[in-house]
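Notes follow once the structure below has been shown.
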Amino acid sequence: MFYIESNDPAVLGRKDEAIWVLNRLVEGGITSLPDDFLEYHRRTRSPYHGSRGPIVEAEEYTSLDECGNALYRALVKEDRS
């Protein structure tokens, strides 16, 4: 899960919640996730928390941060157009 660098309490809260979920899974000995894990979380999030697009697998980026920052830049560029 990628979160932009932010001091916004709402963003920090969502980031902490995501880290909590992942830590709970690791502590529970989970070594793989169900195929629909991300889809389930995307569907259950309120649309008021921001857009949740489709889940796409790609090998274009070498890290989550690289991918997230590229998507963020594209959204900012689109917003300015």
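Given the options Y61, Y3, name the one that is surrounded by 12 or more Cβ atoms within 10 Å (Cβ to Cβ), modelled with pLDDT of 80 or more and in contact with a helix residue (DSSP H, G or I) (Cβ under 6 Å, 6 or more places away or on another chain). Working first, answer last.
Numbers: Y3 fails: modelled with pLDDT of 80 or more.
Residue meeting the stated conditions: Y61.
Of the residues in region 30-58, how many are modelled with pLDDT of 75 or more, under 14 Å from the mean Cα position of the chain (by Cα) and not in a helix (DSSP H, G or I)?
Of the residues in that region, 1 qualify.
The values are calculated or read from the model by the stated rules, or taken from the named source; none is laboratory data. Values in this document were obtained by computation on a predicted structure and should not be read as measured data. Cβ atoms come from the backbone with ideal geometry, glycine included; neighbour counts cover every protein chain shown.
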